[in-house]
Amino acid sequence: MSEKMNMTTRILVWMAAGLILGSLINAFMGQVSWVQEYLVSGLFHVVGAIFISTLKMLVVPLVTFSLICGVCGLGDISKLGRVGLKSFLLFLMTTALAISLAMAVASLIGPGQGFEMAENATSSFSAPEAPALSQVIINLVPTNPVAAYADGNMLQIIFFTIIFGVCILMIGERGKSLIDLAERLNEVMMQVVNIVMHIAPYGVFALMAKTFSQQGLDLIIPMMSYFGAVALVLVLHLTGTLMLLLKFLAKVDIFIFLKKMRAAQVFAFSTSSSNATIPVTLTSVEKRIGVDNSTASFVVPFGATINMDGTAIMQGVATVFIANVYGIELGMMGYLTVVLMAVLASIGTAGVPGVGLIMLAMVLNQVGLPVEGIALIMGVDRLLDMMRTAVNVTGDAVVTTIVARSEKTLNIDIFNDASAGVIDADIHLPHNKG
Ligand code: ASP
(Lines give C-alpha, C1' and ligand atoms only; values in the text may rest on other atoms or scores of the structure.)
Protein backbone atom coordinates (compact mmCIF):
# COMPACT_ATOMS: atom_id res chain seq x y z
CA MET A 1 0.00 0.00 0.00
CA SER A 2 1.30 3.40 -0.96
CA GLU A 3 2.88 5.36 1.85
CA LYS A 4 1.53 8.49 0.20
CA MET A 5 -2.05 7.56 1.02
CA ASN A 6 -3.34 9.58 3.94
CA MET A 7 -4.54 7.82 7.03
CA THR A 8 -8.27 8.28 6.49
CA THR A 9 -8.13 6.87 2.97
CA ARG A 10 -6.07 4.02 4.26
CA ILE A 11 -8.60 3.26 6.99
CA LEU A 12 -11.43 3.42 4.45
CA VAL A 13 -9.66 0.95 2.16
CA TRP A 14 -9.11 -1.50 4.99
CA MET A 15 -12.67 -1.04 6.14
CA ALA A 16 -13.99 -1.93 2.68
CA ALA A 17 -11.63 -4.92 2.55
CA GLY A 18 -12.94 -6.17 5.91
CA LEU A 19 -16.52 -5.71 4.77
CA ILE A 20 -15.95 -7.68 1.57
CA LEU A 21 -13.97 -10.47 3.21
CA GLY A 22 -16.54 -10.76 6.03
CA SER A 23 -19.44 -10.93 3.59
CA LEU A 24 -17.62 -13.57 1.51
CA ILE A 25 -16.97 -15.67 4.61
CA ASN A 26 -20.61 -15.34 5.58
CA ALA A 27 -21.80 -16.37 2.13
CA PHE A 28 -19.39 -19.20 1.36
CA MET A 29 -17.62 -20.35 4.50
CA GLY A 30 -20.25 -20.00 7.20
CA GLN A 31 -19.99 -23.71 8.03
CA VAL A 32 -16.22 -24.15 7.70
CA SER A 33 -15.20 -24.71 11.27
CA TRP A 34 -11.53 -23.68 11.05
CA VAL A 35 -12.48 -20.38 9.43
CA GLN A 36 -14.95 -19.69 12.20
CA GLU A 37 -12.63 -20.83 14.96
CA TYR A 38 -9.29 -19.36 13.90
CA LEU A 39 -10.31 -16.40 11.79
CA VAL A 40 -13.69 -15.08 12.93
CA SER A 41 -13.60 -15.95 16.64
CA GLY A 42 -9.80 -15.97 16.68
CA LEU A 43 -7.83 -13.42 14.72
CA PHE A 44 -10.61 -10.96 13.84
CA HIS A 45 -12.10 -11.08 17.30
CA VAL A 46 -8.80 -10.61 19.13
CA VAL A 47 -7.47 -7.81 16.90
CA GLY A 48 -10.86 -6.02 16.94
CA ALA A 49 -11.24 -6.29 20.71
CA ILE A 50 -7.69 -5.04 21.32
CA PHE A 51 -8.33 -2.11 19.01
CA ILE A 52 -11.52 -1.11 20.86
CA SER A 53 -9.77 -1.46 24.23
CA THR A 54 -6.94 0.75 22.98
CA LEU A 55 -9.40 3.45 21.98
CA LYS A 56 -11.30 3.22 25.27
CA MET A 57 -8.00 3.37 27.14
CA LEU A 58 -7.46 6.87 25.76
CA VAL A 59 -10.85 8.32 26.60
CA VAL A 60 -10.62 9.09 30.32
CA PRO A 61 -7.08 10.57 30.44
CA LEU A 62 -7.57 12.47 27.20
CA VAL A 63 -10.87 14.01 28.31
CA THR A 64 -9.43 14.90 31.72
CA PHE A 65 -6.25 16.65 30.58
CA SER A 66 -7.92 18.23 27.59
CA LEU A 67 -10.77 19.54 29.73
CA ILE A 68 -8.43 21.00 32.37
CA CYS A 69 -6.60 22.82 29.56
CA GLY A 70 -9.95 23.89 28.10
CA VAL A 71 -11.32 25.29 31.33
CA CYS A 72 -8.05 27.06 32.15
CA GLY A 73 -7.81 28.30 28.56
CA LEU A 74 -11.25 29.94 28.84
CA GLY A 75 -10.05 31.76 31.89
CA ASP A 76 -13.55 32.92 32.65
CA ILE A 77 -16.17 30.94 34.51
CA SER A 78 -19.17 32.74 33.00
CA LYS A 79 -18.00 31.72 29.50
CA LEU A 80 -18.02 28.13 30.63
CA GLY A 81 -21.63 28.42 31.80
CA ARG A 82 -22.58 29.95 28.47
CA VAL A 83 -20.87 27.24 26.43
CA GLY A 84 -22.51 24.60 28.63
CA LEU A 85 -26.00 26.02 28.26
CA LYS A 86 -25.68 26.61 24.51
CA SER A 87 -24.43 23.13 23.80
CA PHE A 88 -27.04 21.53 26.05
CA LEU A 89 -29.90 23.35 24.30
CA LEU A 90 -28.49 22.58 20.85
CA PHE A 91 -28.09 18.90 21.74
CA LEU A 92 -31.71 18.76 22.90
CA MET A 93 -32.81 20.52 19.76
CA THR A 94 -30.97 18.24 17.31
CA THR A 95 -32.26 15.13 19.08
CA ALA A 96 -35.83 16.46 19.10
CA LEU A 97 -35.58 17.31 15.39
CA ALA A 98 -34.14 13.85 14.67
CA ILE A 99 -36.91 11.95 16.41
CA SER A 100 -39.64 14.17 14.96
CA LEU A 101 -38.30 13.58 11.45
CA ALA A 102 -38.17 9.84 12.18
CA MET A 103 -41.78 9.74 13.37
CA ALA A 104 -42.97 11.78 10.40
CA VAL A 105 -41.16 9.70 7.75
CA ALA A 106 -42.12 6.43 9.45
CA SER A 107 -45.80 7.42 9.52
CA LEU A 108 -45.64 8.18 5.82
CA ILE A 109 -43.82 4.98 4.83
CA GLY A 110 -45.67 2.80 7.33
CA PRO A 111 -42.99 0.15 7.97
CA GLY A 112 -44.38 -3.08 9.38
CA GLN A 113 -47.85 -2.82 7.84
CA GLY A 114 -48.82 -6.28 6.70
CA PHE A 115 -45.74 -7.77 8.37
CA GLU A 116 -46.09 -11.53 9.02
CA MET A 117 -45.09 -12.12 12.58
CA ALA A 118 -43.14 -15.34 13.08
CA GLU A 119 -44.58 -17.59 15.78
CA ASN A 120 -41.41 -17.62 17.79
CA ALA A 121 -40.59 -13.97 17.39
CA THR A 122 -41.24 -13.16 20.99
CA SER A 123 -38.74 -13.38 23.74
CA SER A 124 -38.65 -12.20 27.25
CA PHE A 125 -37.60 -8.60 27.42
CA SER A 126 -37.85 -6.56 30.52
CA ALA A 127 -37.90 -2.83 30.14
CA PRO A 128 -35.55 -0.89 32.37
CA GLU A 129 -37.23 1.70 34.54
CA ALA A 130 -37.11 5.19 33.11
CA PRO A 131 -34.63 7.08 35.29
CA ALA A 132 -36.33 9.92 37.13
CA LEU A 133 -35.05 13.30 35.96
CA SER A 134 -34.20 14.17 39.56
CA GLN A 135 -31.97 11.09 39.77
CA VAL A 136 -30.23 11.95 36.49
CA ILE A 137 -29.39 15.36 37.94
CA ILE A 138 -28.26 13.98 41.30
CA ASN A 139 -26.06 11.45 39.48
CA LEU A 140 -24.11 14.25 37.82
CA VAL A 141 -22.22 14.70 41.08
CA PRO A 142 -19.80 11.90 41.92
CA THR A 143 -19.72 10.80 45.54
CA ASN A 144 -16.26 9.46 44.86
CA PRO A 145 -14.32 10.91 41.92
CA VAL A 146 -11.93 7.97 41.86
CA ALA A 147 -14.87 5.61 41.39
CA ALA A 148 -16.22 7.86 38.63
CA TYR A 149 -12.83 7.65 36.88
CA ALA A 150 -12.61 3.91 37.40
CA ASP A 151 -16.09 3.37 35.93
CA GLY A 152 -15.51 5.85 33.13
CA ASN A 153 -18.69 7.70 34.11
CA MET A 154 -18.34 10.54 31.64
CA LEU A 155 -20.80 13.06 33.07
CA GLN A 156 -19.35 12.71 36.57
CA ILE A 157 -15.81 12.97 35.20
CA ILE A 158 -16.76 16.14 33.31
CA PHE A 159 -18.38 17.61 36.42
CA PHE A 160 -15.40 16.93 38.68
CA THR A 161 -12.79 18.00 36.12
CA ILE A 162 -14.53 21.31 35.48
CA ILE A 163 -14.60 22.12 39.20
CA PHE A 164 -10.96 21.08 39.46
CA GLY A 165 -9.99 23.28 36.50
CA VAL A 166 -11.94 26.24 37.82
CA CYS A 167 -10.19 25.92 41.19
CA ILE A 168 -6.78 25.82 39.51
CA LEU A 169 -7.71 29.18 38.02
CA MET A 170 -8.89 30.43 41.40
CA ILE A 171 -5.57 29.82 43.14
CA GLY A 172 -4.00 32.20 40.62
CA GLU A 173 -0.24 32.33 40.14
CA ARG A 174 0.40 29.15 42.09
CA GLY A 175 -1.83 27.18 39.71
CA LYS A 176 0.32 28.06 36.65
CA SER A 177 2.61 25.06 36.92
CA LEU A 178 -0.41 22.75 37.10
CA ILE A 179 -1.80 24.26 33.92
CA ASP A 180 1.59 23.73 32.26
CA LEU A 181 1.62 20.15 33.42
CA ALA A 182 -1.91 19.53 32.10
CA GLU A 183 -0.87 21.02 28.76
CA ARG A 184 2.17 18.72 28.50
CA LEU A 185 0.09 15.69 29.50
CA ASN A 186 -2.52 16.65 26.94
CA GLU A 187 0.16 16.78 24.26
CA VAL A 188 1.34 13.34 25.26
CA MET A 189 -2.19 11.95 25.02
CA MET A 190 -2.65 13.51 21.59
CA GLN A 191 0.53 11.74 20.55
CA VAL A 192 -0.88 8.46 21.83
CA VAL A 193 -3.97 9.09 19.69
CA ASN A 194 -1.66 9.51 16.67
CA ILE A 195 -0.03 6.19 17.33
CA VAL A 196 -3.38 4.48 17.72
CA MET A 197 -4.45 5.98 14.39
CA HIS A 198 -1.58 4.10 12.81
CA ILE A 199 -2.85 0.72 13.94
CA ALA A 200 -6.45 1.74 13.23
CA PRO A 201 -6.63 0.35 9.66
CA TYR A 202 -5.98 -3.18 10.92
CA GLY A 203 -8.36 -2.77 13.86
CA VAL A 204 -11.11 -1.45 11.63
CA PHE A 205 -10.48 -4.28 9.17
CA ALA A 206 -10.82 -6.91 11.91
CA LEU A 207 -14.00 -5.37 13.32
CA MET A 208 -15.64 -5.18 9.91
CA ALA A 209 -14.54 -8.68 8.90
CA LYS A 210 -15.89 -10.14 12.14
CA THR A 211 -19.21 -8.31 12.04
CA PHE A 212 -19.94 -9.09 8.42
CA SER A 213 -18.89 -12.72 8.62
CA GLN A 214 -21.40 -13.19 11.42
CA GLN A 215 -24.06 -10.88 10.09
CA GLY A 216 -25.55 -12.10 6.86
CA LEU A 217 -26.92 -9.34 4.71
CA ASP A 218 -29.83 -11.65 3.84
CA LEU A 219 -31.24 -10.87 7.30
CA ILE A 220 -32.12 -7.44 6.00
CA ILE A 221 -34.45 -8.58 3.22
CA PRO A 222 -37.52 -9.48 5.31
CA MET A 223 -36.88 -6.37 7.41
CA MET A 224 -36.37 -4.11 4.42
CA SER A 225 -39.20 -1.69 5.28
CA TYR A 226 -37.85 -1.10 8.81
CA PHE A 227 -34.17 -1.12 7.89
CA GLY A 228 -34.76 1.10 4.85
CA ALA A 229 -36.85 3.60 6.83
CA VAL A 230 -34.20 3.95 9.57
CA ALA A 231 -31.41 4.25 7.00
CA LEU A 232 -33.38 6.82 5.01
CA VAL A 233 -34.06 9.03 8.04
CA LEU A 234 -30.43 8.72 9.17
CA VAL A 235 -29.29 9.99 5.78
CA LEU A 236 -31.93 12.75 5.73
CA HIS A 237 -30.94 13.94 9.18
CA LEU A 238 -27.22 13.83 8.46
CA THR A 239 -27.31 15.51 5.07
CA GLY A 240 -30.40 17.63 5.68
CA THR A 241 -31.15 18.79 9.23
CA LEU A 242 -27.59 18.76 10.55
CA MET A 243 -26.06 20.35 7.47
CA LEU A 244 -28.74 23.08 7.35
CA LEU A 245 -28.04 23.91 10.99
CA LEU A 246 -24.33 23.99 10.25
CA LYS A 247 -24.79 26.17 7.19
CA PHE A 248 -27.07 28.69 8.86
CA LEU A 249 -25.79 28.75 12.41
CA ALA A 250 -22.07 28.17 11.89
CA LYS A 251 -21.91 29.61 8.35
CA VAL A 252 -19.27 27.17 7.15
CA ASP A 253 -18.87 25.04 4.02
CA ILE A 254 -20.64 21.75 4.66
CA PHE A 255 -18.56 19.77 2.16
CA ILE A 256 -15.31 20.69 3.85
CA PHE A 257 -16.89 19.80 7.18
CA LEU A 258 -18.05 16.38 6.00
CA LYS A 259 -14.68 15.61 4.46
CA LYS A 260 -12.90 16.48 7.68
CA MET A 261 -15.30 14.40 9.75
CA ARG A 262 -14.80 11.27 7.66
CA ALA A 263 -12.25 9.64 9.96
CA ALA A 264 -14.46 10.11 13.02
CA GLN A 265 -17.47 8.73 11.14
CA VAL A 266 -15.52 5.67 10.03
CA PHE A 267 -14.37 5.02 13.60
CA ALA A 268 -17.93 5.44 14.89
CA PHE A 269 -19.24 3.12 12.20
CA SER A 270 -16.74 0.38 12.86
CA THR A 271 -16.77 0.55 16.67
CA SER A 272 -20.49 1.35 17.19
CA SER A 273 -19.50 3.46 20.15
CA SER A 274 -19.54 7.24 20.41
CA ASN A 275 -17.57 6.93 23.62
CA ALA A 276 -14.74 4.93 22.12
CA THR A 277 -14.68 7.42 19.22
CA ILE A 278 -14.15 10.46 21.51
CA PRO A 279 -10.36 10.58 20.91
CA VAL A 280 -10.87 10.69 17.14
CA THR A 281 -13.80 13.13 17.27
CA LEU A 282 -11.83 15.40 19.58
CA THR A 283 -8.71 15.45 17.41
CA SER A 284 -10.76 15.87 14.20
CA VAL A 285 -12.74 18.77 15.64
CA GLU A 286 -9.65 20.51 17.05
CA LYS A 287 -6.94 19.81 14.49
CA ARG A 288 -8.93 19.45 11.26
CA ILE A 289 -11.99 21.64 11.79
CA GLY A 290 -10.20 24.28 13.87
CA VAL A 291 -12.32 24.45 17.02
CA ASP A 292 -10.34 25.80 19.97
CA ASN A 293 -9.55 23.32 22.74
CA SER A 294 -11.49 25.46 25.23
CA THR A 295 -14.75 24.63 23.43
CA ALA A 296 -14.01 21.19 21.97
CA SER A 297 -12.66 19.64 25.18
CA PHE A 298 -16.00 20.23 26.87
CA VAL A 299 -18.63 19.93 24.12
CA VAL A 300 -17.31 16.74 22.42
CA PRO A 301 -17.33 14.40 25.46
CA PHE A 302 -20.53 16.03 26.69
CA GLY A 303 -22.17 15.31 23.34
CA ALA A 304 -20.86 11.74 23.17
CA THR A 305 -22.69 11.13 26.42
CA ILE A 306 -25.95 13.01 26.06
CA ASN A 307 -26.49 13.55 22.33
CA MET A 308 -27.73 10.65 20.25
CA ASP A 309 -29.60 11.77 17.17
CA GLY A 310 -29.14 8.51 15.30
CA THR A 311 -30.30 6.46 18.27
CA ALA A 312 -33.41 8.61 18.63
CA ILE A 313 -34.14 8.06 14.93
CA MET A 314 -33.95 4.29 15.32
CA GLN A 315 -36.23 4.50 18.35
CA GLY A 316 -38.79 6.63 16.52
CA VAL A 317 -38.98 4.34 13.49
CA ALA A 318 -38.95 1.22 15.70
CA THR A 319 -41.89 2.50 17.74
CA VAL A 320 -43.98 3.13 14.63
CA PHE A 321 -42.90 -0.26 13.19
CA ILE A 322 -43.83 -2.19 16.33
CA ALA A 323 -47.14 -0.33 16.67
CA ASN A 324 -47.94 -1.25 13.06
CA VAL A 325 -46.97 -4.90 13.46
CA TYR A 326 -49.15 -5.29 16.55
CA GLY A 327 -51.91 -3.17 15.04
CA ILE A 328 -51.88 -0.64 17.86
CA GLU A 329 -52.89 2.95 17.24
CA LEU A 330 -50.36 5.36 18.80
CA GLY A 331 -52.35 8.56 18.61
CA MET A 332 -51.06 12.10 18.98
CA MET A 333 -50.34 11.71 22.68
CA GLY A 334 -48.38 8.53 21.97
CA TYR A 335 -46.26 10.35 19.39
CA LEU A 336 -45.49 13.21 21.73
CA THR A 337 -44.59 10.79 24.52
CA VAL A 338 -42.17 8.98 22.20
CA VAL A 339 -40.49 12.26 21.25
CA LEU A 340 -40.10 13.27 24.89
CA MET A 341 -38.96 9.83 26.05
CA ALA A 342 -36.40 9.45 23.28
CA VAL A 343 -34.89 12.83 24.08
CA LEU A 344 -34.72 11.94 27.77
CA ALA A 345 -33.40 8.46 27.00
CA SER A 346 -30.44 9.85 25.11
CA ILE A 347 -29.37 11.90 28.14
CA GLY A 348 -27.59 9.86 30.75
CA THR A 349 -27.07 6.86 28.47
CA ALA A 350 -23.49 6.14 27.64
CA GLY A 351 -22.48 5.93 23.99
CA VAL A 352 -21.72 2.23 23.88
CA PRO A 353 -22.77 -0.47 21.40
CA GLY A 354 -26.36 -1.63 21.49
CA VAL A 355 -27.54 0.59 24.30
CA GLY A 356 -30.11 2.24 22.04
CA LEU A 357 -32.02 -1.03 21.87
CA ILE A 358 -32.17 -1.30 25.65
CA MET A 359 -33.44 2.25 25.93
CA LEU A 360 -36.05 1.45 23.29
CA ALA A 361 -37.60 -0.98 25.78
CA MET A 362 -38.11 1.96 28.11
CA VAL A 363 -39.74 4.06 25.39
CA LEU A 364 -42.07 1.20 24.36
CA ASN A 365 -43.07 0.63 27.94
CA GLN A 366 -43.95 4.25 28.39
CA VAL A 367 -46.35 4.32 25.44
CA GLY A 368 -47.87 0.94 26.25
CA LEU A 369 -46.42 -1.01 23.32
CA PRO A 370 -45.31 -4.64 23.81
CA VAL A 371 -41.64 -4.71 24.75
CA GLU A 372 -41.31 -8.16 23.10
CA GLY A 373 -41.57 -6.30 19.80
CA ILE A 374 -37.85 -5.63 20.14
CA ALA A 375 -37.18 -9.25 19.25
CA LEU A 376 -38.44 -8.45 15.75
CA ILE A 377 -35.81 -5.83 15.05
CA MET A 378 -32.88 -7.31 16.93
CA GLY A 379 -31.53 -9.17 13.92
CA VAL A 380 -30.71 -6.03 11.98
CA ASP A 381 -29.76 -3.88 14.94
CA ARG A 382 -26.03 -4.58 14.72
CA LEU A 383 -25.81 -2.92 11.32
CA LEU A 384 -28.13 -0.07 12.25
CA ASP A 385 -26.07 0.52 15.39
CA MET A 386 -23.02 1.19 13.21
CA MET A 387 -24.90 3.61 11.01
CA ARG A 388 -26.61 5.49 13.82
CA THR A 389 -23.39 5.85 15.80
CA ALA A 390 -21.81 7.63 12.82
CA VAL A 391 -24.78 10.03 12.86
CA ASN A 392 -24.50 10.48 16.65
CA VAL A 393 -20.85 11.49 16.34
CA THR A 394 -21.54 13.83 13.41
CA GLY A 395 -24.24 15.54 15.52
CA ASP A 396 -21.74 16.06 18.34
CA ALA A 397 -19.27 17.69 15.95
CA VAL A 398 -21.92 19.88 14.30
CA VAL A 399 -23.02 21.29 17.67
CA THR A 400 -19.38 21.78 18.73
CA THR A 401 -18.71 23.74 15.52
CA ILE A 402 -21.84 25.89 15.93
CA VAL A 403 -20.99 26.69 19.56
CA ALA A 404 -17.39 27.49 18.61
CA ARG A 405 -18.51 29.78 15.83
CA SER A 406 -20.79 31.71 18.15
CA GLU A 407 -18.07 31.91 20.81
CA LYS A 408 -15.52 33.02 18.18
CA THR A 409 -13.32 30.01 18.98
CA LEU A 410 -13.46 28.54 15.46
CA ASN A 411 -10.30 29.13 13.45
CA ILE A 412 -11.63 29.49 9.93
CA ASP A 413 -8.13 29.31 8.39
CA ILE A 414 -7.65 25.85 9.85
CA PHE A 415 -11.16 24.94 8.71
CA ASN A 416 -10.43 25.95 5.12
CA ASP A 417 -6.98 24.36 5.02
CA ALA A 418 -7.49 20.96 3.41
CA SER A 419 -4.29 19.56 4.86
CA ALA A 420 -4.73 20.80 8.44
CA GLY A 421 -4.35 18.01 10.94
CA VAL A 422 -3.97 15.24 8.36
CA ILE A 423 -2.07 12.35 9.85
CA ASP A 424 0.44 11.05 7.36
CA ALA A 425 1.23 7.42 7.02
CA ASP A 426 4.64 7.53 8.71
CA ILE A 427 5.35 7.77 12.39
CA HIS A 428 8.19 10.19 13.05
CA LEU A 429 10.11 9.01 16.04
CA PRO A 430 12.52 11.45 17.64
CA HIS A 431 16.16 10.39 17.26
CA ASN A 432 17.79 9.08 20.36
CA LYS A 433 20.69 11.40 20.96
CA GLY A 434 22.02 9.57 23.99
N1 ASP B 1 -23.98 2.76 19.79
C2 ASP B 1 -24.58 4.04 19.97
C3 ASP B 1 -23.51 5.06 20.36
O4 ASP B 1 -22.51 4.72 20.93
C5 ASP B 1 -25.66 4.04 20.98
C6 ASP B 1 -26.78 3.17 20.50
O7 ASP B 1 -27.62 3.67 19.74
O8 ASP B 1 -26.84 1.99 20.80
O9 ASP B 1 -23.64 6.22 20.10
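The values are calculated or read from the model by the stated rules, or taken from the named source; none is laboratory data. If you're wondering where the values come from, they're calculated on a predicted model, not measured in any experiment. Heads up, the Cβs are rebuilt from the backbone with ideal geometry, glycines too, and the neighbour counts pull from every protein chain shown. Just the protein is used for accessible areas: all its heavy atoms, side chains included, with ligands, DNA and RNA removed. Shrake-Rupley method; radii C 1.70, N 1.55, O 1.52, S 1.80 Å.
Considering the range 243-257, and only residues there that are assigned to a helix (DSSP H, G or I) and out of contact with any Leu (no Cβ under 9 Å at 6 or more places or on another chain), the residue that is nearest to the ligand (Cβ to nearest atom) turns out to be LEU246. Selection of the range 260-276 for residues being aliphatic (A, V, I, L, M) and more than 10 Å from the ligand (Cβ to nearest atom) yields MET261, ALA263, ALA264, VAL266. Against the test of being within 26 Å of the chain's Cα centre (by Cα), at pLDDT below 90 and within 30 Å of GLN191 (Cβ to Cβ), the options VAL71, VAL83, VAL146 yield a single qualifying residue, VAL71. A search for C-beta distances below 6 Å between a residue of the range 383-395 that is at pLDDT 95 or above and any residue that is open to solvent by 10 Å² or more (accessible area, probe 1.4 Å) and more than 7 Å from the ligand (Cβ to nearest atom), counting only pairs 6+ apart in sequence or on different chains, returns ALA390/GLN265; ALA390/PHE269; VAL391/LEU238; THR394/LEU238.
Condition check ((1) among the charged types (D, E, K, R); (2) outside any loop (DSSP other than H, G, I, E, B); (3) at positive phi; (4) touching a residue at least 12 places away in the same chain (Cβ under 8 Å)) across all residues:
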site	(1), (2), (3), (4)
VAL13	no, yes, no, yes
LEU39	no, yes, no, yes
LEU43	no, yes, no, yes
VAL59	no, yes, no, yes
MET93	no, yes, no, no
ALA96	no, yes, no, yes
ILE99	no, yes, no, yes
ALA104	no, yes, no, no
PRO111	no, no, no, yes
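Taken together, ASP413, ASP417, ASP381 contain a single residue that is surrounded by fewer than 24 Cβ atoms within 10 Å (Cβ to Cβ) and within 16 Å of the ligand (Cβ to nearest atom), which is ASP381.
The listed residues are THR281, THR277, THR271, and the only one of them that is touching an Asp or Glu at 6+ places or on another chain (Cβ under 7 Å), open to solvent by less than 50 Å² (accessible area, probe 1.4 Å) and closer than 18 Å to THR54 by Cα turns out to be THR281. All of (1) at pLDDT below 85; (2) farther than 17 Å from PHE269 by Cα; (3) near the ligand (Cβ under 10 Å from one of its atoms) hold for GLN366 with one exception: (3). Scanning the range 288-298 for residues that are hydrophobic (A, V, I, L, M, F, W, C) and either within 16 Å of the ligand (Cβ to nearest atom) or touching a strand residue (DSSP E or B) at 6+ places or on another chain (Cβ under 8 Å) (or both) yields ILE289, VAL291.
Taking every residue in the range 183-203 that is at pLDDT below 90 and pairing it with any residue that is open to solvent by 80 Å² or more (accessible area, probe 1.4 Å), at least 6 positions away or on another chain, the pairs with Cβ-Cβ distances below 7 Å are ILE195/ILE427; HIS198/ILE427. Against the list (1) more than 30 Å from ILE306 (Cβ to Cβ); (2) within 23 Å of the chain's Cα centre (by Cα), the condition THR54 fails is (1).
Just wondering, is there one or more residues in the range 280-287 that are among the acidic types (Asp, Glu), out of contact with any strand residue (DSSP E or B) (no Cβ under 8 Å at 6 or more places or on another chain), free of Cβ contacts under 8 Å to residues at least 12 places away in the same chain and part of a helix (DSSP H, G or I)? Checking the range 280-287: not a single residue is among the acidic types (Asp, Glu), out of contact with any strand residue (DSSP E or B) (no Cβ under 8 Å at 6 or more places or on another chain), free of Cβ contacts under 8 Å to residues at least 12 places away in the same chain and part of a helix (DSSP H, G or I). If only one of GLY351, GLY356 is open to solvent by less than 30 Å² (accessible area, probe 1.4 Å), in a loop (DSSP other than H, G, I, E, B) and within 9 Å of the ligand (Cβ to nearest atom), which one is it? Among GLY351, GLY356, only GLY351 is open to solvent by less than 30 Å² (accessible area, probe 1.4 Å), in a loop (DSSP other than H, G, I, E, B) and within 9 Å of the ligand (Cβ to nearest atom).
Set side by side, the residues MET224, MET189, MET208 differ, and just one is in a helix (DSSP H, G or I), more than 23 Å from ALA17 (Cα to Cα) and touching a Leu at 6+ places or on another chain (Cβ under 9 Å), which is MET189. Just a yes or no: is a residue in the range 123-131 open to solvent by 50 Å² or more (accessible area, probe 1.4 Å), modelled with pLDDT of 70 or more and of a type outside the set (Val, Ile, Thr)? No, the range 123-131 contains no residue that is open to solvent by 50 Å² or more (accessible area, probe 1.4 Å), modelled with pLDDT of 70 or more and of a type outside the set (Val, Ile, Thr).
Considered as a group, the residues in the range 300-342 that are without any contact (Cβ under 8 Å) to a residue 40 or more places away in the chain and part of a helix (DSSP H, G or I) include one that is nearest to the ligand (Cβ to nearest atom), and that residue is LEU340.
Quick grid of which residues meet (1) open to solvent by 40 Å² or more (accessible area, probe 1.4 Å); (2) closer than 29 Å to MET197 by Cα:
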{"position": "PHE28", "(1), (2)": "yes, no"}
{"position": "SER33", "(1), (2)": "yes, no"}
{"position": "ALA49", "(1), (2)": "yes, yes"}
{"position": "ILE52", "(1), (2)": "no, yes"}
{"position": "LYS56", "(1), (2)": "yes, yes"}
{"position": "ILE68", "(1), (2)": "no, yes"}
{"position": "ILE77", "(1), (2)": "yes, no"}
